[in-house]
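Here is the structure we will look at, set down as structure tokens.
The values are calculated or read from the model by the stated rules, or taken from the named source; none is laboratory data. Note that the structure is predicted; figures quoted are calculated from it, not measured. When we count neighbours, we look across all protein chains shown, and the Cβ atoms used for this are built from the backbone with ideal geometry, even at glycine. Areas reflect the complete protein model, heavy atoms only, side chains present, ligands, DNA and RNA absent. Shrake-Rupley method; radii C 1.70, N 1.55, O 1.52, S 1.80 Å.
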Amino acid sequence: MRRTAYTVIGVLILCVMLFPVYWMLNASLQPSGNTLTAGFLPLHPTFSGYKRALDEQGGNLVTSMIIAAGTVVLSLAIATPCAYALSQFRSRWVSVGLLAILISQMIPGIVIANALYTAYERIGLLNSIPGLIIANCASGIPFAILILRSFMLSLPPSLVEAARVDGAGLFRAFVAIVLPISRNSLITAGLFSFLFSWSDFLFALTLTTKGGVRPVTLGIYQYLGTQVQNWNAVMATAVLSAIPAVVLLIAAQKYIAAGAIGGAVK
């Protein structure tokens, strides 16, 4: 009976948590109008909201995809060798470096955004995709270093030593041995970097002052002011923006579980 009660409670909590997602999907299929007057089920579904969302927000979705992909590549390119170095060095300064990384995660995003705005204005990176990629890496790189280092600490040194004996240099051993073994943690770190960038709103709002470069999060925010009577288009945009994250999480869930706990035990 206790197990049944826990199951029922768990199902109820899950339903409460998933209801906003269902209502978003339901409202996206309703005719134009206020979502408060929409039926509980889309008895007469229409895809006009999705057509309008793709016509008006399709470019913003592509922009967000480019920024997120660039953030993943740059974050992993910097975080992976840093994590490997921090896992191999045996020095008291490693702890200092890790503490600095943790502290960097505690800095409010608005502080970083304001500092970047001043710097970007001087070097001409405002309203640019590279500027947003670099800004998003401020969140992705520290987290990726922590994830990757925890896994690389469990790598047997004998693997790299064997490659060195066979004539491989440090870089070759890193690329041929360390990276393939660290696949799960790389996928985990890359996925979180993608999600950080895909859901970013603060940097997009602060570092873009024109409409030329507009991620989908900022597009939805600016969409609300003009589409208050067309909530199906707003909700359709929200559904479309959620699809990449959902697909990646489903496709990579086994790698995430393995990568997250890979460094917990040896």
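Table for the structure above
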| quantity | calculated |
| --- | --- |
| Integer Hz, Karplus 6.51/-1.76/1.60 couplings in order for region 166-177, x for Gly and Pro | 6, x, 6, x, 4, 5, 5, 5, 5, 6, 8, 10 |
| Student exercise, the chain dipole from Lys, Arg, Asp, Glu Cβ charges, in Debye to nearest 20 | 580 debye |
| Segments 39-46, 110-117 sorted - mean Cβ within 10 Å per residue, highest first | 110-117, 39-46 |
| Debye log10 I(q)/I(0) for region 78-230, one point scatterer per Cα, at q = 0.12, 0.21 Å⁻¹ | -0.65, -1.24 |
| GNM result for the chain, Cα springs below 10 Å: residue of G131, G58, G212 fluctuating most strongly | G212 |
| Per-peptide average of other Cβ atoms within 10 Å, ordering 96-103, 215-222 highest first | 215-222, 96-103 |
| GNM flexibility winner over the chain from A233, A27, A162 (Cα, springs under 10 Å) | A162 |
| Shape metrics for region 56-167, restricted to C-alpha atoms - Rg then Dmax, Å | 17.7, 59 |
| Measure of compaction for region 172-229 (Cα Rg per 2.2 N^0.38 Å) | 1.76 |
| Percent of Cα-Cα distances greater than 19 Å, calculated over region 1-106 | 72 percent |
| Rg to Rh quotient for the chain, alpha carbon positions, Kirkwood Rh | 1.06 |
| Environment charge of F174, counting only residues whose C-beta is closer than 15 Å and scoring Lys/Arg +1, Asp/Glu -1 | +2 |
| Accessible area of the chain divided out per residue, in Å², using a probe of 1.4 angstrom | 57 Å² |
| Kyte-Doolittle mean at least -1.0 and Cα axial length at least 27 Å: DSSP H helices in the chain | 2-28, 48-88, 129-152, 231-251 |
| Length added when fully stretched, S199-F47, from 0.36 nm per residue minus Cα-Cα | 52.3 nm |
| Normalised contact order of the chain, rounded percent, pairs of Cα under 8 Å and 6 or more residues apart | 34 percent |
| Accessible surface of region 1-92, 1.4 Å probe, proportion on carbon and sulfur as whole % | 74 percent |
